[in-house]
Amino acid sequence: MRTDTANYTDIFLNDIPLMDVRAPVEFVRGAFPSARNHPLLDNHQRELIGTEYKNKGQQAAIDLGWRLATDEVRSLCLSQWSAFVRKHPQGYLYCFRGGLRSRMTQKLLRSNNIEYPIVEGGYKAMRQFLLNELEKYCTQLPFIVVAGHTGSGKTELIQAARRYIDLEGIAKHRGSSFGRTSSSQPSQIDFENQISIDLLKLSQQTGAIAIEDESRLIGRCALPPVLQTAMKAAPRVLVEEPLETRAQRIVQNYVHEGLERFKSGEKSAAESLGEELHLNLNKISKRLGGLRYKQLNEALASANQELLRTNNSDVYIPVVVSLLQEYYDGSYDHLMKKSEQKILYRGNYNEVQQWLKESNHSLQKPE
């Protein structure tokens with residue numbers, strides 16, 4: 001049998017498969033990218049045993065756990081666990097602290113002639129490890145912030161760098177009020193865990209890490225404060241693209257992707273997208289002001305109708321141009337004026353892409 005482990009670095013660097021035996025409610029709150037939930041206890045059983053532990057102590061809770069583990073429950077658990085072990089013989093199992101539930105799972109597996117090791121310290125220790133690594137690497141690793149107006153292609157540009165971290169990809173959101181890219185975003189804990197793991201992997205190489213300029217929130221996911229601090233101190237690469245080009249790119253990214261996302265719905269994709277765009281515009285109505293919001297809302301309604309009639313997404317370009325001119329560009333210019341970050345390079349999309357590809361960017365972390 002492989003021994004239990006506390007080598008968290010190896011687990012996350014190598015994406016070791018993990019069997020999480022915590023209750024589903026705990027898993028949804030936060031877990032790890034390589035983990036799959038095969039609980040020892042369901043949510044209700046966990047609550048009952050927790051109450052028993054609080055009122056009568058550990059042994060009473062253990063006794064209740066075994067009573068709840070009926071033949072049917074054991075059979076179902078063992079079936080799921082055995083399948084996971086067969087598929088991932090190199091993996092480990094864990095519970096919250098690597099204690100009671102992990103040992104009970106091991107014991108039940110052993111009764112089925114299966115030996116499977118535990119992650120010592122469980123979820124709590126691994127989560128603390130990732131928080132510590134996030135703190136460490138945000139203060140030690142050199143970053144380059146790719147900045148520019150909305151629609152400049154910053155996400156695509158960071159991917160041209162030798163080392164990068166895609167915050168919007170991790171958050172499953174493009175950052176603006178119109179930025180939803182999937183049906184759901186990760187939990188805050190999952191978001192932070194993935195950032196930490198990505199930085200851990202990037203720390204194994206040399207050179208600066210390209211990262212897109214972001215506000216504090218990407219959808220509902222909040223940037224960890226230590227990462228915000230690192231980004232504010234990092235030098236910038238500034239992308240300068242014409243307004244029309246940016247509007248075309250936004251339509252390509254947002255409208256085309258949105259139509260694809262709604263393709264399998266009950267309504268037509270164009271109708272569902274139109275409804276979502278109206279809702280998103282309404283989110284910023286107070287910041288736009290009454291008159292601007294009314295004008296943009298009417299223009300958007302007209303574009304939605306035209307899309308339904310002609311299936312031509314270019315009808316949104318004038319709406320996007322107005323939205324950039326009257327809202328997004330002004331907000332970004334205001335933030336840029338307050339910034340004191342060093343600008344390493346500035347140019348259009350193609351120039352910045354070439355610079356990111358060709359330059360070594362072996363920056364040292366500033367003192």
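The values are calculated or read from the model by the stated rules, or taken from the named source; none is laboratory data. Computed from a predicted model, the values in this text were never measured in an experiment. So basically every Cβ, Gly included, is an ideal-geometry build from the backbone, and we count neighbours across all protein chains shown. SASA here: full protein model, heavy atoms, side chains in, ligands and nucleic acids out. Shrake-Rupley method; radii C 1.70, N 1.55, O 1.52, S 1.80 Å.
Annotations
- Checking S176, S184 one by one, the residue that is modelled with pLDDT under 95 and surrounded by fewer than 18 Cβ atoms within 10 Å (Cβ to Cβ) is S184 and no other.
- Filter result for Q205 (touching a Pro at 6+ places or on another chain (Cβ under 7 Å) and either part of a helix (DSSP H, G or I) or open to solvent by 30 Å² or more (accessible area, probe 1.4 Å) (or both)): no
- Selection from region 1-50 of residues that are of a type in the set (V, I, T), open to solvent by less than 70 Å² (accessible area, probe 1.4 Å) and part of a helix (DSSP H, G or I): T9, I11, V25, I49
- Selection within region 264-274 - open to solvent by 50 Å² or more (accessible area, probe 1.4 Å) and under 18 Å from H173 (Cα atoms): none
- Exactly one residue out of R220, R261, R216, R246 is open to solvent by 40 Å² or more (accessible area, probe 1.4 Å), under 19 Å from G175 (Cα atoms) and touching a His at 6+ places or on another chain (Cβ under 9 Å): that is R220.
- Checking S302 against (1) buried (at least 16 other Cβ atoms within 10 Å of the Cβ); (2) over 32 Å from the mean Cα position of the chain (by Cα), the condition it does not meet: (1)
- Considering I170, I158, the condition of being open to solvent by less than 10 Å² (accessible area, probe 1.4 Å), within 18 Å of the chain's Cα centre (by Cα) and of a type outside the set (F, W, Y) is satisfied by I158 alone.
- Subset of region 79-105 (residues that are aliphatic (A, V, I, L, M), open to solvent by less than 40 Å² (accessible area, probe 1.4 Å) and within 32 Å of the chain's Cα centre (by Cα)): V85, L93
- Subset of region 283-298 [open to solvent by less than 40 Å² (accessible area, probe 1.4 Å) and of a type outside the set (S, T, Y)]: I284, L288, G289, L296
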